[in-house]
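Below is one structure, written out as structure tokens, with a few remarks after it.
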Amino acid sequence: MAKDKVVLAYSGGLDTSVCIRYLQTLHKLDVITVTVDCGQDDDFVEIEKKAKAVGAVKHVYIDAKEEFARDYIIPSIKANGLYQGKYPLATALARPLIAAKAVQVATAEGAKALAHGCTGKGNDQIRFDITMRALAPGIQIIAPIRDMNLTRDVEIKFAKEQNIPISVEAKKYSIDLNLWGRAVEGGNIEDAFFEPPEDAFQFVNLHNDKAGYLDIDFEAGVPVAADGKRMDIVDLIQYVGDKAGSFGVGIVDHIEDRVVGIKSREVYEAPAAIAIIEAHRDLEKMVLTKHELSFKRLVDEQWSWLAYSGLWQDPLRSDLDKFIDATQIRVSGKVKIKMHRGSLRVVGRESRYSLYKNDLATYAAGSTFDQTLAKGFVELWGLQSVIANALTASSYHNQDRTLAAGQSNRSATSGENQTMAKRKIKEGERTR
């Protein structure tokens, strides 16, 4: 009798390799592994060999780099996607795509269940579970690491007992990598005061003392060229990542609030994301009104939260996309970035939609701004503040006068009481 099937989102790492064996032995299921290429630059032939060696009955490879860049990264660029102002959402953006591809394979294979290798402590379990349930309501979801409350040392021990190969890197860190960035977890990095060693990084050159420049061109909020070379989005991200990383740009090290309530120390490498988002955000400041910018900051923060917290499928995210897309019509132009020893700053920008007008802003001769108009504006602008302060000052003055009068009355009353007391004493003495 044929066994039921389960489709496992498979990375080739420790967690998902252990999951194959657990799904076979504990759940008695035939395991079909799915690896989705989001730009992680792995040896996908070796990953397939490993999956089958561990026990997968079938392996499916899906090249989704273009889709990931087009449908996930570009919307994130437009939204200046940074969770808590720091994390550029690399892993968070890839998870719903991987989950969606796993659902497609499960449907095609007639699988009974879906599986992933997430722990119960992280955010990825939420991203996988919610996307899978939204796209395949009622399907069983199995997460062996979470369900069995496994720790990393227990996984490594089990892998050794089962002859499951473990990479040297997996013994030190837990790595997640895609086109938009790299997350590094585990080992000494869990100590919030420990500085990550150089071997934790792959993209960033920490020894380049030279300065360099990078130009990025945008059209309707989308990066389309770098250093004057027009290229597709995947190539552009790789180009920017290589160049920014070569100047030490791209390390994010911060304390992050996970959805499950845990504060965690997170270390990321994301040179392309950091450079592109900084450039995009600066260009927006040139072409959008202050009112648009103020409201969009609220939208960007909410968009980033939805993407981070696994709610990619929530209707609010697509609703916010419509507003964001409307703001991007004028976000076209060029931004120049200077990079030096890990620092990055915008040093120039230009756009045909620029709201910055030199003849208005200049202090030099030729200014078209009529300064005499400012006097009346300033009076009206601060009118209520001036009145409020005048009322407050008057109130304080009245309080001071009342307090002074009270003190004077108390002094007079005290003097009268003392006089009366002296009279009574004298009368008493005469009586005696």
Specify the residue that is farthest from Leu283 (Cα to Cα); the eligible residues are those in the range 356-398 that are surrounded by 10 or more Cβ atoms within 10 Å (Cβ to Cβ) and among the charged types (D, E, K, R).
Glu379
Answer yes or no: is there a residue in the range 71-83 that is under 21 Å from Gln313 (Cα atoms), of a type outside the set (Phe, Trp, Tyr), surrounded by fewer than 21 Cβ atoms within 10 Å (Cβ to Cβ) and touching a Leu at 6+ places or on another chain (Cβ under 8 Å).
yes
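Could you count how many residues in the range 297-326 are part of a helix (DSSP H, G or I), in contact with a helix residue (DSSP H, G or I) (Cβ under 9 Å, 6 or more places away or on another chain) and touching a residue at least 60 places away in the same chain (Cβ under 8 Å)? Give the derivation first.
Applying the first criterion (part of a helix (DSSP H, G or I)) to the range 297-326 yields 297-308, 315-326.
Right, trim to in contact with a helix residue (DSSP H, G or I) (Cβ under 9 Å, 6 or more places away or on another chain) and you get 299-300, 302-304, 306-308, 316-317, 320-321, 323-325.
Filter once more, keeping what is touching a residue at least 60 places away in the same chain (Cβ under 8 Å): 299-300, 303-304, 307-308, 320-321, 324-325.
Number satisfying all stated conditions: 10.
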Of all residues in the range 30-49, how many are assigned to a helix (DSSP H, G or I) and closer than 19 Å to Lys5 by Cα?
1
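When you go through Arg341, Arg317 one by one, which is the residue that is basic (Lys, Arg) and farther than 25 Å from Gln125 by Cα? Give the derivation first.
Values: Arg317 fails: farther than 25 Å from Gln125 by Cα.
Step by step, each of Arg341, Arg317 is checked, and only Arg341 is basic (Lys, Arg) and farther than 25 Å from Gln125 by Cα.
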Could you grab the pairs with beta carbons closer than 6 Å, sequence gap of 6+ or different chains, first residue in the range 130-156 and within 14 Å of Gly186 (Cβ to Cβ), second one surrounded by 16 or more Cβ atoms within 10 Å (Cβ to Cβ)?
Ile145/Asp15; Ile145/Gly117; Ile145/Thr119; Glu155/Leu14; Glu155/Val18
Of the criteria (1) out of contact with any Ser or Thr (no Cβ under 7 Å at 6 or more places or on another chain); (2) surrounded by fewer than 20 Cβ atoms within 10 Å (Cβ to Cβ); (3) at pLDDT 95 or above; (4) more than 21 Å from Leu179 (Cα to Cα), which one Ser332 fails:
(1)
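Please work out if Thr119 is in contact with a helix residue (DSSP H, G or I) (Cβ under 8 Å, 6 or more places away or on another chain) and modelled with pLDDT under 95.
Numbers: in contact with a helix residue (DSSP H, G or I) (Cβ under 8 Å, 6 or more places away or on another chain): yes; modelled with pLDDT under 95: yes.
Criteria met by Thr119.
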How about the range 84-106: which of its residues are farther than 24 Å from Val18 by Cα and surrounded by fewer than 23 Cβ atoms within 10 Å (Cβ to Cβ)?
Gln84, Gly85, Lys86, Tyr87
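Could you tell me whether His254 is modelled with pLDDT of 95 or more and assigned to a helix (DSSP H, G or I)?
no
I want to confirm something. Restricting to the range 30-46 and keeping residues that are surrounded by fewer than 22 Cβ atoms within 10 Å (Cβ to Cβ) and not polar (S, T, N, Q), which single residue is farthest from Leu179 (Cα to Cα)? Can you show your working first?
Pass one, the range 30-46, residues surrounded by fewer than 22 Cβ atoms within 10 Å (Cβ to Cβ): 30, 37, 40-46.
Right, trim to not polar (S, T, N, Q) and you get 30, 37, 41-46.
Details: Asp30: 31, Asp37: 9, Asp41: 8, Asp42: 11, Asp43: 15, Phe44: 15, Val45: 19, Glu46: 20 Å.
Out of the qualifying residues, it is Asp30.
The values are calculated or read from the model by the stated rules, or taken from the named source; none is laboratory data. Since we're looking at a predicted model, the values are computed, not measured. Note that each Cβ is placed from the backbone with ideal geometry, even for glycine, and that neighbours are counted across all protein chains shown.
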